[in-house]
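A quick write-up on the structure given underneath.
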Amino acid sequence: MQSRMKNPALVLSDALMSLGSFFTSVNRGGHCDELPDIVALRVGQINGCGDCVHTHVQNLREAGESDERVAAVAAWREAPFFTDAERAALELAEEVTRLADRSPDAAPDALPNSVPEELWEQLSGHFDEQQLSALILSIGVTNMFDCHTTGVREPIGASRRRRRP
């Protein structure tokens with residue numbers, strides 16, 4: 001497959017510079033280990049972004065994550081390989097990535113497009129405000145990358161670099 005155009009972040013140099021500053025801020029959010037790549041892999045899987053899935057699988061392997069854990073991200077609910085904090089982060093990634101899929105009737109006492117209170121309580125038990133901020137922004141920027149990467153049909157591996165939201 002050939003890309004329709006260059007990666008939009010490379011075309012608009014100011015955007016690329018801004019993204020660099022954004023990543024610096026998010027990376028200061030205090031997440032340890034490989035949680036940002038685990039979450040970004042799940043977001044890429046949901047969005048069908050081959051390049052993002054490829055990038056985050058490679059990042060996780062380079063970081064020493066087991067093939068079992070990497071392969072189980074898509075089925076994290078059934079896999080025994082994830083901590084409670086990772087499970088909460090993966091659930092948040094799914095909730096936020098799938099906002100448009102949620103029915104207003106899904107939780108009658110909640111806003112139709114809000115994160116369920118029970119999940120928020122779990123997240124608050126595992127992460128402080130700075131870590132939660134980094135996690136939410138990381139999920140958002142991963143969704144943004146998935147949109148422009150799939151929009152221009154960027155081939156898998158074309159932008160191979162460590163993208164760590």
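The values are calculated or read from the model by the stated rules, or taken from the named source; none is laboratory data. Keep in mind the model is a prediction, meaning the values are calculated, not measured. We place every Cβ from the backbone using ideal geometry, glycine too, and count neighbours over all the protein chains shown. Side chains included, ligands, DNA and RNA excluded: accessible areas come from the protein's heavy atoms. Shrake-Rupley method; radii C 1.70, N 1.55, O 1.52, S 1.80 Å.
For the range 1-103, count the residues as N, evaluate 2.2 N^0.38 Å, and divide the Cα radius of gyration by that value, please.
1.18
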- Message: For the pair residue 5/residue 98, report the inter-label distance in nm, with labels modelled 7 Å from Cα in the Cβ direction.
- Response: 3.2
- Item | Using θ = phi - 60° and Karplus 6.51 cos²θ - 1.76 cosθ + 1.60, couplings along the range 42-48 (whole Hz; Gly, Pro as x) | 5, 4, x, 5, 4, 7, x
- the range 114-125 - phi-based ³J(HN,Hα) in whole Hz, Karplus 6.51/-1.76/1.60, Gly and Pro as x: 10, 6, x, 4, 4, 5, 4, 5, 4, 4, 5, x
- Message: In Å², and per residue, what accessible area does the range 1-105 have when probed at 1.4 Å with the other protein chains present?
- Response: 53
- If each of residue 33 and residue 79 carries a label point 7 Å out from its Cα toward its Cβ, how far apart are those two points in nm? 1.2
- Query: Separation between the residue 137 and residue 61 pseudo-spin-labels, each 7 Å from Cα along Cα→Cβ, expressed in nm?
  - Reply: 3.1
